[in-house]
Structure formats: structure tokens, C-alpha cells
Amino acid sequence: MKLEQIHIPVLLKESLFYLNLKPGKVVFDGTLGGAGHTIAIFKAIAPTGIIIAVDHDSQAVSTAAKLFEGNENACFFKGNFADVLSIIKKAGIKKIDGFFLDLGMSSMQIEESSKGFSYMRDEPLDMRMDNEGGLSAFEVINYYSEEKLRDIFYKYGEENYGAAIARNIIRFRNNKIIRSTGELNKIIEKSIPPKARYGSRGHPSKRIFQAVRIEVNRELDNLTEGIEDGFKALNKGGRMVIISYHSLEDRIVKKKFMAMQGKCSCPPGLPECVCGARKVADILTKKAVTPGNEEITNNPRSKSAKLRAMEKIEDL
Ligand SMILES: C[S@@+](CC[C@H](N)C(=O)[O-])C[C@H]1O[C@@H](n2cnc3c(N)ncnc32)[C@H](O)[C@@H]1O
């Protein structure tokens, strides 16, 4: 089958540039999605390069595997990018030259999965990107304690009205199970004074849905583990490129990259450094790279994207 992109990839030119691709390179793409980046990376490393592409959404993996049928240098796995070390081992690869992540969800997941990722659709509460079981949004919303809900709304949604929303969820579910995103939306809206509902930070459901999705899919833990093990998997001179879509993710990428560049993380006031900070990487993007107006107009999903890149210079 002809390799055509079926999803508009975000910051594509910039991703390829920072990955520093050449024929023969070995690249791990941990967020296959609609295969937009995967196809472009594969073309840039062909004919001898190898791509190992992973997604925990089996639909994404089977669609891409069909697209690449007959290409021996493309390996697909249903899995978690945090397991990069065991996945490349399965593919018979010892080290990689590129580690790439384009975080979040694909357009297909938001628009076609019916899993309740968007507050703009009335769908069952699910939000699992991995369709093989595990914690769902239904369980989070119906079984978490008020304190735990308040905590995730605050930590992962940065929502000022998180406490009121958590309280109202508990009140509602004392009478009735909460089954749909529509019901959750109504509870969120009622918890916020009308004047504060649609302020400059946008619709409050957006932040609460983000918080629940992060909790369900362990997104921040996966990112931290993925960066640490992705770094171990890289050859010296190998590149790591990560595109994130909200500040919590970008903060993790930035902090991890700074630490790898040798920035001390000791608490202030210590007479000498005890955290053992050592420079093992060079940060290639002084500031996060963001899309220009033209890309945002053509692909509004790219609006909040931030790309950061680094090059490994030493093993840890
Ligand atoms: C924004 S989409 C990727 C789009 C892709 N770069 C493209 O151009 O078509 C993110 C994808 O990463 C997947 N994903 C998110 N977290 C993951 C994880 N920890 N392990 C594996 N896949 C993950 C999602 O299921 C989704 O398909």
C-alpha cells in the first residue's frame, strides 16, 4: 500500500529536523496514532533505517501495520512507550538513534472512539486509550473519594473550583450512578458560579476532563518513565524529541532535560551539591518550539503544541 498520511502531524518539519534523521538510523516512535510522524520518519531513514512504532491503542497499531504491510524495516507494537527498553529488545534492537513522542490523543480517538474524551460529546465515561481493561473514567468518577477527586482536579486540571465539583459529584452519585460525559458536564457547570463559568481559561469541563484522562491513563508517570528509559535506550549522539500539549507535560519534559544537562536539583541553601547532577545531554531547544500561525490555521489541534529536543552525550 502507498504510504500516505492519514492524520495531520503537528510540527512535522521541526520534528524531523531535531531528530537529525539519515538513512540507516533506528528510531522509536512511542505515539504512533494516525502514523503521520511515523510515515515521515520512515521515509527519512529509508531504505536501511528501522522504525519501531508503538501505541497502546490497538486500533492505531492494526491500521498502521496494514499501511506498512511488506515493509520489513517497520515494526509495530501495541504497548506503552514507558516500556521502551523491553519493546526494542522484542524487536531485536539494542540501541536507538531517535526517541520520539507526540503526546496526547489522536483526532481519531477524540472524534471516533466514543470513549468520552471530549466534553463536547455525550458519550459513556471511559477515557481509556488502552482498550484492554484497566481503570476507566467511570470508576474514577463513581468510586473515588471526594478528597481524591479534589486532589486530581487540582493537580492535573489546575481547576480553582475543583473542591466544589468534587463535592457535587459525591452528592449526585449518592442518588444515581454517573454514566455519561453529558451528566458529568452538567455537574461541573452547576458547581461553578455563572460569572466564572466561561472566563479566559475556557470551559471548565476541559480542565476536569483533562484531569480524569491523565489519572485514567497514568499520563504523567508514563512520560517520566518514558524519558528516563528512552534516554537509556539512546546511542551517544542520539536525539530525543517530545511534543506536549499542556503545561503539566511540558514542565516534566523541561525539568528532565535540564537535569540531564546537569542542572542541580538540590534544595536551596545546601553548602554543596548532593543530588549528583551530571551533564549527560545537550538541550537543543533553548525555548520550546511552537507552531506558527499558518500551521495553527491549517491544523487548530497544533495550537498548544510545544516541542523540546535534546542530544545524548554520555550514558548516565
Ligand atoms: C497525538 S497522537 C499521535 C499522533 C501521531 N504522531 C500522528 O502524527 O499521527 C498520540 C497517540 O499516542 C498514544 N499514546 C499516548 N500515551 C501513550 C503511551 N503511554 N504509550 C503508547 N501510546 C500512547 C495515543 O493512544 C495516541 O494514539
Contact list please: Cβ distance under 9 Å, first residue in the stretch 165-190 and aromatic (Phe, Trp, Tyr), second residue part of a loop (DSSP other than H, G, I, E, B) and surrounded by fewer than 21 Cβ atoms within 10 Å (Cβ to Cβ), pairs at least six apart or on different chains. PHE172/ILE178
Across the stretch 111-144, what is the total count of residues that are within 25 Å of ARG171 (Cβ to Cβ), free of Cβ contacts under 8 Å to residues at least 60 places away in the same chain and not in a loop (DSSP other than H, G, I, E, B)? 5
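Condition test on MET108, is it in contact with a Gly (Cβ under 8 Å, 6 or more places away or on another chain) and under 14 Å from ARG213 (Cα atoms)?
No: the conditions fail for MET108.
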Let me confirm something: among LYS66, LYS43, which residue is closer than 29 Å to ALA288 by Cβ and surrounded by fewer than 21 Cβ atoms within 10 Å (Cβ to Cβ)? LYS43
Filter result for LYS22 (of a type in the set (Lys, Arg), away from the ligand (no atom under 15 Å from the Cβ) and in contact with an Asp or Glu (Cβ under 9 Å, 6 or more places away or on another chain)): yes
Would you mind stating whether PHE172 is surrounded by 14 or more Cβ atoms within 10 Å (Cβ to Cβ), touching a strand residue (DSSP E or B) at 6+ places or on another chain (Cβ under 8 Å) and of a type in the set (Phe, Trp, Tyr)? no
Looking at the stretch 209-228, I want the residues that are part of a helix (DSSP H, G or I) and have a partner that is more than 9 Å from the ligand (Cβ to nearest atom) and among the aromatic types (Phe, Trp, Tyr) with Cβ atoms under 6 Å, at least 6 apart or on another chain. Which pairs are those? PHE209/TYR119; ALA211/PHE153; ALA211/TYR156; ILE214/TYR156
Of all residues in the stretch 49-70, how many are within 26 Å of ASN20 (Cβ to Cβ), out of contact with any Lys or Arg (no Cβ under 6 Å at 6 or more places or on another chain) and away from the ligand (no atom under 14 Å from the Cβ)? 1
If we scan the stretch 27-45, do we find a residue that is more than 7 Å from the ligand (Cβ to nearest atom), assigned to a helix (DSSP H, G or I) and in contact (Cβ under 8 Å) with a residue 60 or more places away in the chain? no
How many of the residues making up the stretch 256-299 are surrounded by 10 or more Cβ atoms within 10 Å (Cβ to Cβ), outside any loop (DSSP other than H, G, I, E, B) and without any contact (Cβ under 8 Å) to a residue 12 or more places away in the chain? 2
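None of the figures in this text is laboratory data; all of them are computed from the coordinates on show. Owing to the predicted nature of the structure, the values given are computational and were not obtained by experimental measurement. All Cβ positions, glycine included, derive from the backbone under ideal geometry; neighbour counts span all protein chains shown.
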